[in-house]
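First up is the structure itself, then whatever we jot down about it.
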Amino acid sequence: AEQVKDFAAAKDAYNSSLAVGKTKKVRNDIRVRLVTVTKEEAKASAKDAIAREAQIAQVPGSPTTVAVLPFTIGGSNADLQPLQVGLADLVISDLAKPKKLTVVERDKIQAITDEIALSRSGQVDAATAVREGKLIQAGRIVKGSLISTGASNITMTSTTVNTQTSQTVGQGSNQNSTLDQLFSAEKALVMATFTDLGITLTPAERQDVDRRPTQSLQAFLSYSRGLMAEDAGRLDEAARFFDNARSLDPGFGAALQRAQSAAAQSQQTTAKIESGLKG
């Protein structure tokens, strides 16, 4: 199924094999392969969406389906550029925690972004952002930006847009803070976005959203570089960045998971799975 690019059938077959397989090693290999197939499926879906854009645009996305686009990073500090994907990944994770929204997976957003060549400039203008949201069939899109305004000062903002009307439904957050307060600014942005979307959190949900995956800015920057390398298909390089993030903060669980996944993906092939099954 993979060879003929029927990714839905490939995922079904792999999942069926996981349900009945008796060999732990092969099951682990298949789980890793499923990650690759899911990414390939996202790329194929993006191409299909572009081809059927006029048809898709006629179907409004659900207001509770949200896509978080890559952040726009401004200012003179080039070291912060990886945060365009790192911050988006963090916001996606936080918005998904209360289970009250359908948050589009980052792989799908990245596939659409690549397909319409947004990644060449790293910029997302208003018209293209709405177009991207419609192609993903999200009813709302969240656009964030971070501007470094000095040696350590940053301004983080966000806007929530209705993809069907192109109207802004919330200005989200406008946080002036220091780079050391990056995670606090991101949490304030997320809480403001919930308000923009009309979502009320329980105290327990607020506590869950407020949890930080890491307290180390350098670890998070390395993690963000790993995401950029992973998006570009440089899995060995991505694994090194994720490993570095984990060494900077051993408690950074997401970095550990990404490191293991990237390293495994770089070595995993269908031939290896077939060999394991034969064995």
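Please tell me the relative contact order of the stretch 135-213 in percent, rounded to the nearest whole number, where contacts are Cα pairs under 8 Å and at least six residues apart.
Values: 115 pairs, mean separation 18.1, N = 79.
Reported relative contact order: 23 percent.
Spacing of the modelled spin labels on Asp210 and Ile56, each 7 Å from Cα toward Cβ, amounts to 3.8 nm.
What is the packing order of peptides 2-14, 48-60, 260-272, taking the mean over residues of other C-beta atoms within 10 Å and listing the highest first? Could you put the intermediate results ahead of the total?
Working: 2-14: 14.5, 48-60: 12.1, 260-272: 16.1.
Packing order, densest peptide first, comes out as 260-272, 2-14, 48-60.
Each label point was placed 7 Å from the Cα along the Cα-to-Cβ direction; for Leu34 and Thr128 their separation is 3.5 nm. Across all Cα pairs in the chain, the calculated P(r) in 5 Å bins from zero up to the longest distance comes to 1, 6, 11, 15, 17, 17, 14, 10, 5, 3, 1, 0 percent per bin.
Solvent-accessible area of Thr102, all protein chains in place: 80 Å² (probe radius 1.4 Å, heavy atoms, ligands and nucleic acids excluded). Ordered from highest to lowest accessible area with the whole protein assembly present and a 1.4 Å probe, Ser76, Ser216, Ser184 read as Ser76, Ser184, Ser216.
Divide the volume of the convex hull of the Cα atoms of the stretch 182-230 by its number of residues and quote the answer in cubic angstrom per residue.
Per-residue hull volume (Cα only) is 92 Å³.
Accessible surface for Thr155 stands near 30 Å², nearest 10, in the context of the full protein assembly shown (1.4 Å probe). Where the alpha-carbon atoms of the stretch 1-58 are placed on the principal axes, they occupy 47, 19, 15 Å, in descending order. Rolling a 1.4 angstrom probe over the protein heavy atoms with all chains in place gives the chain an accessible area of 49 Å² per residue.
Here Lys272 and Ala8 are evaluated by their C-beta separation; at R0 = 25 Å the FRET efficiency comes out at 0.65.
Cα convex hull of the stretch 1-103: mean projected area in nm², to one decimal? Mean orientational projected area (the stretch 1-103, Cα hull): 10.4 nm². Computed over the chain, the per-residue total of -39500 (n - 2.57) for DSSP H runs of n ≥ 4 gives a 222 nm mean residue ellipticity of -17500 deg cm²/dmol, rounded to 500. Pairs of C-alpha atoms in the stretch 124-245 farther apart than 20 Å represent 57 percent of all such pairs. Distance from the alpha carbon centroid of the stretch 68-115 to that of the stretch 250-279 works out to 24 angstrom.
Exceedance of the 21 Å cut-off in Cα-Cα distance is limited, within the set Lys5/Lys97; Lys108/Lys134; Lys5/Lys39; Lys43/Lys134, to Lys5/Lys97.
By accessible area, using a 1.4 Å probe on protein heavy atoms only, the chain has 49% of its surface on carbon and sulfur. For the stretch 34-150, report the % of Cα-Cα distances exceeding 22 Å. When all Cα pairs of the stretch 34-150 are counted, 33 percent exceed 22 Å. Here the scattering of the stretch 139-201 is modelled by Debye summation over its C-alpha atoms, one equal scatterer each and no solvent; at q = 0.15, 0.24 Å⁻¹ the log10 of I(q)/I(0) is -0.46, -0.91.
Look at the alpha carbon pairs under 8 Å that are at least 6 residues apart: their mean separation over the length of the chain gives a relative contact order of 18 percent.
The values are calculated or read from the model by the stated rules, or taken from the named source; none is laboratory data. Only a predicted model underlies this, so the values are computations on that prediction, with no experimental measurement involved. Because the Cβ atoms are built from the backbone with ideal geometry, glycine has one as well, and the counts that use them run over all protein chains shown. Note: areas computed on protein heavy atoms with side chains; ligands, DNA, RNA excluded. Shrake-Rupley method; radii C 1.70, N 1.55, O 1.52, S 1.80 Å.
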